[in-house]
Amino acid sequence: MTMKTTQLLFIQGAKKTGTSTLVGILNCHPELLILYESYLFRTAISKYGNQLVDEYPETRSFFKESEDIGKPYQALAAYFQRSTGHSYQYIGDKLISLDPDLTTRVGNQKTIYVMRDIRTWLGK
């Protein structure tokens with residue numbers, strides 16, 4: 001079986017900017033897998049990361065400190081291709097952060113930054 005190259009895609013923004021809605025929409029496509037605040041590039045496993053580990057225990061090894069935050073996601077894509085036979089065109093994560101340096105540390109990725117006009121929050 002030929003390993004397909006999976007591209008990285010991150011959704012990044014502050015809370016309450018529509019990032020969850022965007023991830024839900026994107027994940028409706030069968031060739032996209034955007035995790036939900038799993039942060040594979042950190043050793044501490046988040047609440048949503050634990051859900052991934054509960055479903056796929058072998059993925060625990062992907063949670064480790066990494067300067068290149070894209071590496072663990074590429075490893076996860078390869079794992080899914082080997083174990084399930086499914087290859088994703090894009091894989092990534094929803095990141096709650098306004099720091100653009102977080103995803104620029106990745107070699108070749110796409111990042112969608114989600115913003116919201118503060119005036120729309122004030123109207124609530």
Average accessible area per residue (Å²) across the chain - probe 1.4 Å, nucleic acids and ligands excluded: 59
So, in nm, how far is label residue 110 from label residue 15 when the simple model puts each one 7 Å beyond its Cα toward the Cβ? 2.9
Starting from 0 in steps of 5 Å, tell me what percent of the Cα-Cα pairs of region 1-106 lands in each bin. 2, 13, 23, 26, 22, 11, 3, 0, 0
Give a residue-ordered list of calculated ³J(HN,Hα) values for region 110-117 (Karplus: 6.51 cos²θ - 1.76 cosθ + 1.60, θ = phi - 60°; whole Hz; x for Gly, Pro). 10, 10, 9, 8, 10, 10, 9, 5
Share of carbon and sulfur in the accessible heavy-atom surface of region 1-50 [1.4 Å probe, %]: 60
Distance (nanometres) between label positions extended 7 Å along Cα→Cβ at residue 78 and residue 54: 2.9
The chain: angle of helix 70-84 to the longest principal axis, Cα-based, in degrees nearest 10: 50
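The values are calculated or read from the model by the stated rules, or taken from the named source; none is laboratory data. Not measured: the values here are computed from a predicted model. Ideal geometry is used to build each Cβ from the backbone, glycine not excepted, and the neighbour counts take in all protein chains shown. What goes into the accessible areas is simple: the full protein's heavy atoms, side chains included, and nothing from ligands, DNA or RNA. Shrake-Rupley method; radii C 1.70, N 1.55, O 1.52, S 1.80 Å.
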